[in-house]
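Heads up, the thing below is written out as structure tokens.
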Amino acid sequence: MAPPQKVRLGDLLIQQGLLTEEQLGLALQQQKATGRKLGRIFVDSGYVTEEGISQALARQLRIPFIDLKTFNPKPDLIKLLPEAAARRYRALVLGRTPEGALQVALSDPTDLQAYDEITRLVKQEIDLAVVTESQLLAMVDRVYHRGEQITGLAKELTAELGDVPVEFGDLLGLTPGAEDAPVVKLLHTVFEEAMRLRASDIHFEPQEKSLRIRFRIDGVLHVQTEADAKIASATALRLKLMSGLDISEKRLPQDGRFNIRVRNAPVDVRISTLPTQFGESVVMRLLNQNTGLLALEKVGMPPRVLERFRHALARPSGMVLVTGPTGSGKTTTLYAALNELNSTEKKVITVEDPVEYRLAGLNQVQVHEKIDLSFSRVLRTVLRQDPDIVLVGEMRDQETAEIGMRAAMTGHLVLSTLHTNDAITTPIRLLDMGVPKYMVALSVHMVVAQRLVRVICDNCREPYALNPNEHEWLRFELGNQADAHRFHHGRGCSHCANTGYQGRTGVYEFLEMSDKVVEAINHGDPAVFMQAARQQMGGETLRRDAVRQALAGRTTISEAMRVSNQFEG
């Protein structure tokens, strides 16, 4: 293919009716004053879209325009062009033409230097296509995985820890130029990759002959790399220094936290260390402070659950509990509720460990057990602060539960969480904690139980036939109607890191404390209460909602089975 030709972008867009002479004049003035690219000024000023510019260039140069939103790249071809060159020249190898040439996408197909450099790097004939810059950069972020870079940096650190003596401060990044220390570069890359993949947790796990690094993505752990076991102590030591933990103590567990910036976003990191047979296991929970709060109608609640939940929140007093295991989205649901309730007419106080979201207008308190600033102690003081609404991060013990319930009985709306398998067992769990029956009956108005299911990736969604195990499981729930539905899954692509899933949504059940349910609690027999609660719920269980999400095509039957097993055991 002949090299690209120079094109006067402004004239081209005017010629194709996408821009006016006046708009071009204004844009040229901005370019002279700021030095920015003319195309970016057109887009930012709202004169023309990125797609409009790319399609205009494609028409003029008679080359294809590629929409990368629906494109599935080939990893073996992608790597023909190094990541640094892909970012510098805004280029991506997409595939091969029928004639055998490489098809290379450029955001600026008129860039002669980029064409010459890419031809030199790939050492093959290339045919050009045009893509939008934002789509190209997003694709580069997805396809150039940092797994190999992490492995390379781990090997570099292993070499530094070899037999040749090395300065301890240099190794850990404690001296000037710390950003070049091997362990600092390794950890920075790990954090960047974790944020790119939307990981909620990072696990550093020392094994007998290796250090395994895993990310939890959409609730499931994925191995990123296996490094030499020799670097385990250096990475643990650096992380303990960052979080202010005792570096001399390796026999006892420790907990801490620190803040970093990753990809220009502030990230709050909670760290936990645990002595194991082969060294200290380190787990970090990542809390992205730039993540916006979800609106209540977007957390995934079915309309019936949302209506009754809002009805409970509208009451001036009483307790609303959200239950589920760690990582099931309880805090997200409660903060979506607080975001809706928050107003200048109400005083809202939260007591949490840790404060996971920051919301303007709230008075948020961080529990600190080491200085005896416990949930129960803070909660007693909170009630003297004249609150209207109180959020208690977790009902951890009888004392905290009783204080919260007294507050609910004396004119406060109290929101909290509890670790139980489902809605029905929650009041029984409170009784087992030692809370008096009358308190549970009078204060608790609603219990919502929830789980998170992974959502099928939109970019690689396709129909599939259930396997015998899935079919039998579904027949148990739907009977003969199981054969009347069509199901989907994700085959795996670059958009979802080849998992077939991207993001999660909630599945829910709820129990309202009706007169019959309250009477059953006061009866004192758990079996009587369970029967009344089941009648109240009318079969609308977590399992039923998980199946409903699969029938709607939002998740898979295997995912519905996975979360169902969490609360059936």
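Of the strands (runs of 3 or more DSSP E) lying entirely inside region 356-445, those containing at least 3 residues that are open to solvent by less than 30 Å² (accessible area, probe 1.4 Å) are 389-392, 413-418.
Would you mind stating whether residue 63 is at pLDDT below 85 and in contact with a strand residue (DSSP E or B) (Cβ under 6 Å, 6 or more places away or on another chain)?
Working: at pLDDT below 85: no; in contact with a strand residue (DSSP E or B) (Cβ under 6 Å, 6 or more places away or on another chain): yes.
No.
Just name the residue that is farthest from residue 116 (Cα to Cα) out of those in region 66-82 that are in contact (Cβ under 8 Å) with a residue 60 or more places away in the chain and crowded, with 17+ Cβ neighbours inside 10 Å. That would be 71. Take region 238-281 and flag every residue that is part of a strand (DSSP E or B), open to solvent by 20 Å² or more (accessible area, probe 1.4 Å) and farther than 18 Å from residue 205 by Cα. Correct list: 257, 259, 260, 261, 266.
Condition check ((1) more than 30 Å from residue 531 (Cβ to Cβ); (2) over 26 Å from the mean Cα position of the chain (by Cα)) across all residues:
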site	(1), (2)
379	yes, yes
382	yes, yes
404	no, yes
417	no, no
426	no, yes
430	no, yes
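Taking the criterion of being open to solvent by less than 40 Å² (accessible area, probe 1.4 Å), out of contact with any strand residue (DSSP E or B) (no Cβ under 7 Å at 6 or more places or on another chain) and in a helix (DSSP H, G or I), would at least one residue in region 457-473 satisfy it? Yes: one or more hits. Of the residues making up region 108-137, just one is among the hydrophobic types (A, V, I, L, M, F, W, C) and open to solvent by 60 Å² or more (accessible area, probe 1.4 Å), namely 112.
Matching residues to (1) farther than 22 Å from residue 322 by Cα; (2) in a strand (DSSP E or B); (3) over 23 Å from the mean Cα position of the chain (by Cα):
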{"position": "498", "(1), (2), (3)": "yes, no, no"}
{"position": "502", "(1), (2), (3)": "yes, yes, no"}
{"position": "507", "(1), (2), (3)": "no, yes, no"}
{"position": "517", "(1), (2), (3)": "no, no, yes"}
{"position": "535", "(1), (2), (3)": "no, no, yes"}
{"position": "544", "(1), (2), (3)": "no, no, yes"}
{"position": "564", "(1), (2), (3)": "no, no, no"}
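Among the residues of region 515-541, those identified as more than 16 Å from residue 305 (Cβ to Cβ), surrounded by fewer than 16 Cβ atoms within 10 Å (Cβ to Cβ) and among the small types (Gly, Ala, Ser) are 524, 527.
Can you find a residue that is open to solvent by 40 Å² or more (accessible area, probe 1.4 Å) and either modelled with pLDDT under 90 or in contact with a His (Cβ under 6 Å, 6 or more places away or on another chain) (or both) anywhere in region 317-325? Yes: one or more hits. The residues of region 342-380 that are touching a helix residue (DSSP H, G or I) at 6+ places or on another chain (Cβ under 9 Å) and among the hydroxyl-bearing types (Ser, Thr, Tyr), listed by number, are 350, 357, 374, 376.
The values are calculated or read from the model by the stated rules, or taken from the named source; none is laboratory data. It should be emphasised that the depicted structure is a prediction, and the values quoted were computed from it without experimental measurement. With ideal geometry, Cβ positions are generated from the backbone for all residues, glycine too; neighbour counts draw on all protein chains shown. Accessible surface is based on the protein model in full, side chains and every heavy atom, while ligands, DNA and RNA are left aside. Shrake-Rupley method; radii C 1.70, N 1.55, O 1.52, S 1.80 Å.
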